[in-house]
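Read the figures in this text as sums done on the coordinates, not as results from a lab. Note that this is a predicted model, so its numbers are computed, not measured. Glycine also receives a Cβ, built like all others from the backbone with ideal geometry; neighbour counts cover every protein chain displayed.
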Amino acid sequence: MSYYTRGSVKLSPKSGNEIIPRGDALTPHGASGTFRHRDEELLKKFEQLADQWERETQNMSSTVHKSMHGAYQDIIAMGPRVIPLILDRLRDKGGHWYWALAHLAKTDPVPPNARGNVQKMREAWLKWGSDRRF
């Protein structure tokens, strides 16, 4: 069975939802050395939605309105397999990904005294991901 890694998610061709922390890049694991179309589509869909969300909410000040945007909700609907993609995006570009991460991860590593401090929230989530090898 081949596995494919994007960031730190290892996708099983069978389930497509298995999260197994691994590597730093989109790399094939297995004998064939080719990527499954579905994995490329997941990354492409995520990046399109994330770009749309950032573009269409860049002038919004309300995190509630940003989080209720259709593209953001579509990303959440993609399920936990996008957690590593969100963490990569948060690390590289920032953004208010905290509601999506908390919903998908079923946890919130941000300490109460750091809530509202975007830099500390970002650091807490990136540490959480790093601790889990995402």
* Highest mean first, what order results for 78-90, 120-132 on Cβ atoms within 10 Å? -> 78-90, 120-132
* Given the pairs Lys44/Lys127; Lys66/Lys120; Lys66/Lys106; Lys44/Lys120, which are separated by over 23 angstrom at their Cα positions? -> Lys44/Lys127; Lys44/Lys120
* Sorted from largest down, give the three principal axis spans of the alpha carbons of the range 36-131, whole angstrom values. => 43, 33, 22
* Residues Thr63 and Asn117, FRET efficiency given R0 of 22 Å [Cβ-Cβ distance, rounded to 0.05] -> 0.95
* **Estimated vicinal HN-Hα couplings, Hz - the range 95-107 in sequence order (Karplus 6.51, -1.76, 1.60; Gly, Pro = x)** => x, 8, 8, 5, 5, 4, 4, 4, 5, 6, 7, 6, 7
